[in-house]
Amino acid sequence: MEGVCASPERLNAQQRSALIRERVMARGVELRRRYPLLNHQDALGAGILAVALAGMIGSAALYMGGYLAGWACLLLNAFFASLTHELEHDLIHSMYFRKQRVPHNLMLALVWLARPSTINPWIRRHLHLNHHKVSGTEADMEERAITNGEPWGMARLLMVGDNLMSSLIRMLRARTWAHRFNILKRTLKVYAPLALLHWGTWYLFLGFHAANGVAGLLGTSIDWSAHTLAAMQVIDIAVVVIIGPNVLRTFCLHFISSNMHYYGDIEPGNVIQQTQVLNPWWLWPLQAFCCNFGSTHGIHHFVVKEPFYIRQLSAPVAHRVMAEMGVRFNDFGTFGRANRFARRERQSSREVSTAQG
């Protein structure tokens with residue numbers, strides 16, 4: 001096997017993918033044998049969720065009690081919420097309580113409550129499983145929704161961290177009213193009710209403070225009603241403890257995910273071309289709020305049924321064999337190629353528009 005690994009050019013893409021899967025799965029078996037606690041997958045999933053929720057509630061209580069600065073609460077809760085995202089992803093692949101529907105669905109409900117900015121997880125299950133089937137193609141709605149394949153510019157910057165803004169921009173780009181209506185209907189369906197409340201509250205927060213800021217610059221003030229000021233006090237607290245953390249987490253995750261996945265010109269079914277490993281030191285401020293996603297998510301495309309904490313532990317072994325088999329690492333050119341796999345020095349905006357249809 002070592003000889004084969006030394007000559008990856010003799011293997012086709014399927015053989016190289018199979019070798020990566022074999023090595024990563026073997027590492028998972030070794031880790032479970034070395035650390036028997038890892039065999040208790042259901043308990044670990046439930047325990048991580050309990051820690052994440054306790055962390056979010058605890059930091060919120062400390063902030064509201066005046067014992068923790070608002071910025072610290074926001075950062076802590078963004079980190080804890082990122083753990084619940086990874087748990088949701090694992091639940092979508094039925095890694096916890098696979099044959100026990102009550103605790104399984106309870107966990108799905110709780111991770112959704114911790115991240116109200118996201119779509120309904122039971123709907124996301126279908127989108128995500130489809131993502132594995134058609135990754136990197138126009139049919140990959142999950143990655144397209146978070147800007148994979150978009151040329152970089154102001155539109156993508158607005159879309160990458162704001163789910164509803166992404167839908168709005170796609171509605172404005174639609175060429176027919178029927179298409180716009182379909183986008184609107186789908187948006188309301190997948191984001192109701194939590195994400196609609198989350199993003200609506202976020203827009204109220206931004207609008208209120210922007211209006212006060214403009215008034216201050218003009219040397220005046222706005223005479224808000226007592227009811228409005230009381231409501232804004234509640235919204236300000238909500239932004240610190242749950243909404244702001246998820247806005248930050250969403251931006252970090254979508255920025256990393258949309259740029260580590262390739263789009264548009266990969267070979268169908270070629271897992272080697274679907275993702276890269278994106279883990280330069282300067283992305284650590286973003287990786288901290290999406291569980292090191294850029295470094296470890298590519299492993300998941302080869303070995304789907306390993307939980308996120310096993311991917312973290314097996315990353316050194318996985319990265320070695322992935323690099324040997326031709327998976328790209330830190331291909332920053334993808335930012336200028338709108339996530340295309342082909343390495344071309346120049347790609348005109350007309351080519352990008354044509355590729356996106």
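The values are calculated or read from the model by the stated rules, or taken from the named source; none is laboratory data. In this text the structure is predicted, and so the values were computed from the model without any measurement. Note that we place each Cβ from the backbone using ideal geometry, even for glycine, and neighbour counts take in every protein chain shown.
So the values come out like this:
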{"read-out": "Checking I57 against (1) among the β-branched types (V, I, T); (2) surrounded by fewer than 18 Cβ atoms within 10 Å (Cβ to Cβ); (3) closer than 23 Å to R98 by Cα, the condition it does not meet", "value": "(3)"}
{"read-out": "Search result, residues across the stretch 277-288 that are outside any helix (DSSP H, G or I), under 20 Å from F251 (Cβ atoms) and touching a helix residue (DSSP H, G or I) at 6+ places or on another chain (Cβ under 7 Å)", "value": "L278, N279, A288"}
{"read-out": "Lone unmet requirement of (1) loosely packed, with under 14 Cβ neighbours inside 10 Å; (2) part of a helix (DSSP H, G or I); (3) touching a helix residue (DSSP H, G or I) at 6+ places or on another chain (Cβ under 9 Å) for A195", "value": "(1)"}
{"read-out": "Residue within the stretch 162-183 that is in contact with a Leu (Cβ under 6 Å, 6 or more places away or on another chain), closer than 30 Å to L44 by Cβ and surrounded by 13 or more Cβ atoms within 10 Å (Cβ to Cβ) present", "value": "no"}
{"read-out": "Exclusive hit being without any contact (Cβ under 8 Å) to a residue 40 or more places away in the chain, assigned to a helix (DSSP H, G or I) and out of contact with any strand residue (DSSP E or B) (no Cβ under 7 Å at 6 or more places or on another chain), set A78, A109", "value": "A109"}
{"read-out": "Residue within the stretch 80-90 that is surrounded by 17 or more Cβ atoms within 10 Å (Cβ to Cβ), in contact with a helix residue (DSSP H, G or I) (Cβ under 7 Å, 6 or more places away or on another chain) and farther than 20 Å from H128 by Cα present", "value": "yes"}
{"read-out": "Selection count, the stretch 19-51, where residues are of a type outside the set (A, V, I, L, M), more than 24 Å from the chain's Cα centre (by Cα) and assigned to a helix (DSSP H, G or I)", "value": "9"}
{"read-out": "Tabulated pairs, the stretch 238-267, first in contact (Cβ under 8 Å) with a residue 24 or more places away in the chain and under 14 Å from W199 (Cβ atoms), second among the basic types (K, R) and not in a helix (DSSP H, G or I), C-beta under 6 angstrom, 6+ apart or interchain", "value": "N246/R115"}
{"read-out": "Count - residues of the stretch 87-115 that are among the charged types (D, E, K, R) and within 16 Å of L248 (Cα to Cα)", "value": "1"}
{"read-out": "Residue list for the stretch 172-195, restricted to those being out of contact with any Phe, Trp or Tyr (no Cβ under 9 Å at 6 or more places or on another chain), of a type in the set (A, V, I, L, M) and touching a residue at least 60 places away in the same chain (Cβ under 8 Å)", "value": "V190, A192, A195"}
{"read-out": "L31 at pLDDT below 95, over 29 Å from D236 (Cβ atoms), surrounded by 13 or more Cβ atoms within 10 Å (Cβ to Cβ) and not small (G, A, S)", "value": "no"}
{"read-out": "The lone exception for M64 - which of (1) under 27 Å from the mean Cα position of the chain (by Cα); (2) surrounded by fewer than 18 Cβ atoms within 10 Å (Cβ to Cβ) it fails", "value": "(1)"}
